[in-house]
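This report concerns only the one structure given below.
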């Protein structure tokens, strides 16, 4: 970091041919860094998720490459031509740009798809560049000295405004770096297809929580916060969880239990609390069950742990569908059974082999003989009602064509004692 400069030094530097050459070298380094950044951006956009370059690294390509080139150029210039001027100015500017992009990336990770985010990004960039300009003009040290003289009484100690602002900056920077590292690890885990989906979710969330806790502890220690005070806060937090946050805590504990035992996974077809659908999202607090009609139910994890959940695809995605059929007593039962099996075999979704369809005589009812057609499918996520409808329509058409009649309720009324007058 260079010392603050004045306008007179800038004018003297522009009047020197050697400084103009240094300015050209600085511009050349920045142009090369910009070209490399554009190339990385095009490669990242063309390959999408298949690229090996994470999006967070691609954002920092220009300032990081620029810092590297500026450092090499500054070393060579200092060795052959003396102390650099413009190269030294470019270094804090690139550091400020790196900080801006890291803050923007952290905001995108914390608050995705928020309308106020573009305005916040502009405010962060403006504030960072403003601080750099104030530093170069020599105003920022005076502002820092004034803020250091302003003290705020906190208990028995006096804390300056500058110390408070420095602590906020340290906490924010630590949080940004933590989120950046956790984002890189989450992207790496998302591409680890050899791991189970629940294991990837559990590892990413555990690593994220651990890094945030460690980062906050490091930041608090850096600003001089007494970490022994956290024991009192931890006790108060435990009382709060025991009294008012027990439901929330139980949902989180149940969520980690589900992720560990892998009883419910992404894509499973489940029936819980009267809702049937596929699991589209698993979080530490709830599970999203998307039904076949497009409705999404947010089911708390505690419900999944304390109630019975029907998992249609826990060990296998194959399920059996039973269709009851009733024929009249004067119909040919054997022909009806063979026709039911033949109709089921025509459906492409019905499995064959060991899971071939079968027809059975269930019993003898008041109005007719009860039959059942059993079929197996391996794609329950595509729905059952459409298959039932197709089979029932085919059964009605084939039975009518073959003379197999469906019974209807009949009642006989007998009058005892003769016909009344």
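Laboratory data are not the source of any read-out in this text; all were calculated from the coordinates shown. Being a predicted model, the structure only gives us computed values, none of them experimental. Ideal geometry is used to build each Cβ from the backbone, glycine not excepted, and the neighbour counts take in all protein chains shown.
Here region 237-370 has an Rg and Dmax of 22.1, 75 Å, counting Cα atoms alone.
Ratio of region 319-402's C-alpha Rg to 2.2 N^0.38 Å, to two decimals? Walk me through the numbers before you get to the answer.
On the way: Rg = 12.7 Å, N = 84, 2.2 N^0.38 = 11.8 Å.
So region 319-402 has a normalised radius of gyration of 1.07.
For residue 192 and residue 413, what does the FRET efficiency come to when R0 = 60 Å and r is the distance between their Cβ atoms, rounded to the nearest 0.05? Don't skip to the answer; put the middle values down first.
On the way: r = 75 Å, r/R0 = 1.24.
The formula returns an efficiency of 0.20 here.
By the beta-carbon count within 10 Å of each Cβ, the least crowded to most crowded order of 379, 261, 268, fewest first, is 261, 379, 268.
Calculate the length of the line joining the C-alpha centroid of region 328-350 to that of region 370-400, in whole Å. Taking the Cα centre of each part, region 328-350 and region 370-400 sit 11 Å apart.
With r as the distance between the Cβ atoms of residue 389 and residue 320 and R0 = 25 Å, compute the FRET efficiency 1/(1 + (r/R0)^6) and round to 0.05. Approximately 0.90, to the nearest 0.05.
Quick one: 174, 306, 271, fewest Cβ neighbours within 10 Å first, how do they rank? Present the calculation step by step, with values, prior to reporting the outcome.
Details: 174 20, 306 11, 271 14.
Listed from fewest to most nearby Cβ atoms, that is 306, 271, 174.
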